[in-house]
């Protein structure tokens with residue numbers, strides 16, 4: 001085995017080790033960030049639940065009012081038809 005092959009192999013090993021170190025260093029930062037994000041979401045879940053519930057209920061009420069209004073219009077149209085017919 002020549003010294004050139006050993007030098008190339010050593011350079012490759014050092015490069016791979018540096019890449020692995022950077023990967024796991026970044027991985028650790030990402031992991032901590034994800035954990036912090038999930039903790040923040042858990043802490044805010046109650047208020048998020050309230051916001052979503054309020055929005056859902058307002059949309060549901062709006063849909064019910066729209067259905068009632070449509071029903072009243074239909075009944076008025078039906079009564080006009082019965083009176084003229």
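We did not get these values from a lab; they are worked out from the coordinates using the rules stated. Since this is a predicted model, take the numbers as computed values, not measurements.
Of note:
- Mean residue ellipticity (222 nm) of the chain, computed from DSSP H runs ≥ 4 via -39,500 (n - 2.57), nearest 500: -37000 deg cm²/dmol
- Cα gyration tensor shape for the chain, rounded if a/c is under 1.5, else prolate or oblate: oblate
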